[in-house]
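Data block below; observations after.
Just so it is clear, none of the values below were taken in a lab; they were calculated from the coordinates. A quick note: this is a predicted structure, and the numbers were derived from the prediction, not measured. Cβ: placed from backbone, ideal geometry, glycine included. Neighbour counts: every protein chain shown.
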């Protein structure tokens, strides 16, 4: 029976993949690099530093540490300016989070910076629904590597035990993802995965191991999660 949920952030809670893409496209245009749809979406699951270095390397340009860091800082600044004005949370996600938090323990596992995650959760008013947040700042490898979800599982389990619950097993902790690398990371961490078709097709998500597919998260209740992922 599902006792906890680990949710991805970009593409699951906030609909900002198009915003991230547009910001990076603007930034890299100064270098004469066109970040195409294929270039951007083939790198889903990467943290900002890895993404920037990868784009530069593909273009045959130096990927110095200082420039990579400066680029990620500028990306966050521009992203925040757009998001602050629009706050593009997926419709129904706030309702879904609050429903689930009433009965289950929740965490976030994302390759975004912690400052970006905290900014959105606090603005939307759902930060209190999550017991743990795993960001790119706390891991050394990107999705599809399972490191992030293994850490998320351990932290969420510890948080539950501290609240007086019995320890979870891996089948009792559900991952919610929108990208193939994210699904692969959850599966590799031995966790069941519910994939939402916010970013890629259901077929692509099933092909990498998603146990179930959702078009909208707010269609799901705690009981339906438990029934599907027994």
Based only on other Cβ atoms within 10 Å, what is the fewest-to-most ordering of 110, 29?
29, 110
For the chain, find the longest principal axis of its Cα atoms and tell me its angle to the long axis of helix 17-29, 0 to 90°, nearest 10.
20 degrees
Gaussian network model of the chain, springs between alpha carbon atoms under 10 Å - residue of 140, 50, 72 with greatest fluctuation:
140
Label-point separation (nm) for residue 128 and residue 63, each offset 7 Å from Cα along Cα-to-Cβ?
4.2 nm
Helix axis angle, 114-124 relative to the chain longest principal axis, alpha carbon, degrees:
60 degrees
Report the residues of the stretch 38-80 in range of a label on residue 197: point 7 Å along Cα→C-beta, backbone N strictly under 13 Å from it.
none
In Å and on Cα atoms, what radius of gyration and Dmax does the chain show?
17.3, 56
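So for 40, 67, 24, fewest C-beta neighbours within 10 Å to most, what's the order?
By the 10 Å Cβ count, ascending, the order reads 67, 40, 24.
Given R₀ = 35 Å, what would the calculated FRET efficiency be for residue 73 paired with residue 154, taking r from the Cβ atoms and rounding to 0.05?
Working: r = 30 Å, r/R0 = 0.86.
The calculated FRET efficiency here is 0.70.
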Compute the helix-to-body angle for 147-162: its Cα long axis versus the longest principal axis of the chain, expressed 0 to 90° and rounded to tens.
40 degrees
Find the relative contact order for the chain and round it to a whole percent, using C-alpha pairs within less than 8 Å whose residues are 6+ positions apart.
26 percent
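Ranking 61, 143, 113 by Cβ neighbours within 10 Å, fewest first, what do you get? Kindly include the intermediate steps, with their values, before the conclusion.
Working: 61 14, 143 27, 113 20.
Going from least to most buried by this count: 61, 113, 143.
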Residue-normalised 222 nm signal for the chain, counting each DSSP H run of n ≥ 4 as -39,500 (n - 2.57), nearest 500 deg cm²/dmol, is -14500 deg cm²/dmol
Label point 7 Å beyond Cα of residue 215 along Cβ direction - residues of the stretch 150-181 with amide nitrogen under 19 Å:
177-179
Between residue 190 and residue 166, what is the FRET efficiency for a Förster distance of 22 Å, r being their Cβ-Cβ separation, to the nearest 0.05?
0.75
